[in-house]
Amino acid sequence: MRHPLVMGNWKLNGSKQLTADLISGLQSALTEVQGCKVVIAPPALYLAQAVAAVQGSDIGVGAQNIDVNLSGAFTGETSAEMVKDNGAGYVIIGHSERRTYHHESDELVAEKFAVVKQQGLIPVLCIGETEAENEAGKTEEVCARQIDAVIKTQGVEAFHGAVIAYEPVWAIGTGKSATPAQAQAVHKFIRTHIAKQSPTVADQVIIQYGGSVNDKNAAELFGQPDIDGALVGGASLKADAFSVIVKAAAAAKA
Ligand code: 13P
């Protein structure tokens, strides 16, 4: 059975001080919370510090990106092996900011997905349509294409134990979240799309919603049957707001 998962994507934000303060804030706010897995994804430079700081709590740590290569002459990159070596368990891949600013294709993202799995880490595959695609009625087509790039190269079983984050690009950092009904419709489509190939895989895959999730709108989003948690940007940088989101997921899915 799938479990709720709330993950904080810190993006290019943080410092040694913020990492220490945010983790200790979360630890004290979440001591009583059960039934929702919490993962934070700080910038790669702070992974080791974060892994050390979460010891003794149930908070997991993830990276925001990896290179497809494990080592070699690839200046500036971070490998999945290094993420694992530092004790992190998750890797966000295919975030729309990487697809846009770093021109990552569906095929490259699928390759990264495979590398993450090969290292025994959990991939969090970000998918979602742009505003123009949304207005052109292409949401389902785009999501299916981004998922199929993985299925085509690795089979549907690759989604066993994996996470999908549906993040409509128009909702990211805009304060304009998808409505619970809009998000649920796309999440249902994603699960049904995977179920066509394997109902078992579809039933267990965690599908998070991402895009302007905050302490006010989280509970209603988590009330939807196919929304298993959230990938949170801005609100994950504040321990109090992020804790409210985690508690909302734990309560909605109890
Ligand atoms: P915001 O929560 O800031 O909209 O960011 C969402 C996101 O991109 C998480 O990966």
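The values are calculated or read from the model by the stated rules, or taken from the named source; none is laboratory data. Keep in mind the model is a prediction, meaning the values are calculated, not measured. FYI the Cβ positions are ideal-geometry reconstructions off the backbone, even for glycines, and counts take in every protein chain you see.
Descriptive notes on the structure:
- Matching option when the condition is within 27 Å of residue 63 (Cβ to Cβ) and at pLDDT below 95, among 238, 247, 253: 253
- Boolean, residue 243 is of a type outside the set (A, V, I, L, M) and surrounded by fewer than 24 Cβ atoms within 10 Å (Cβ to Cβ): yes
- Enumeration of residues in segment 1-13 that are surrounded by fewer than 18 Cβ atoms within 10 Å (Cβ to Cβ) and within 16 Å of the ligand (Cβ to nearest atom): 12, 13
- Residue that is of a type outside the set (Val, Ile, Thr) and either within 15 Å of residue 183 (Cβ to Cβ) or out of contact with any helix residue (DSSP H, G or I) (no Cβ under 6 Å at 6 or more places or on another chain) (or both), where the choices are 114, 136, 144: 136
- For segment 117-170, the tally of residues that are farther than 15 Å from residue 206 by Cα and out of contact with any strand residue (DSSP E or B) (no Cβ under 8 Å at 6 or more places or on another chain) stands at 28.
- Considering segment 204-224, and only residues there that are within 12 Å of the ligand (Cβ to nearest atom) and among the small types (Gly, Ala, Ser), the residue that is nearest to residue 146 (Cα to Cα) turns out to be 210.
- Tally, over segment 107-155, of residues that are assigned to a loop (DSSP other than H, G, I, E, B), charged (D, E, K, R) and under 18 Å from the mean Cα position of the chain (by Cα): 1
- Filtered by the rule that a residue be buried (at least 21 other Cβ atoms within 10 Å of the Cβ) and either near the ligand (Cβ under 10 Å from one of its atoms) or hydroxyl-bearing (Ser, Thr, Tyr) (or both), segment 143-167 gives 165, 166, 167.
- Residue in segment 29-37 that is under 21 Å from the mean Cα position of the chain (by Cα), at pLDDT 95 or above and crowded, with 23+ Cβ neighbours inside 10 Å present: yes
- Note on segment 174-203: residues that are aliphatic (A, V, I, L, M), more than 16 Å from the ligand (Cβ to nearest atom) and under 17 Å from residue 134 (Cβ atoms) amount to 3.
- Any hit, segment 38-46, residues being in a strand (DSSP E or B), more than 13 Å from the ligand (Cβ to nearest atom) and under 21 Å from residue 95 (Cα atoms): yes
- Test: residue in segment 176-197 that is surrounded by 22 or more Cβ atoms within 10 Å (Cβ to Cβ), within 18 Å of the chain's Cα centre (by Cα) and assigned to a loop (DSSP other than H, G, I, E, B): yes
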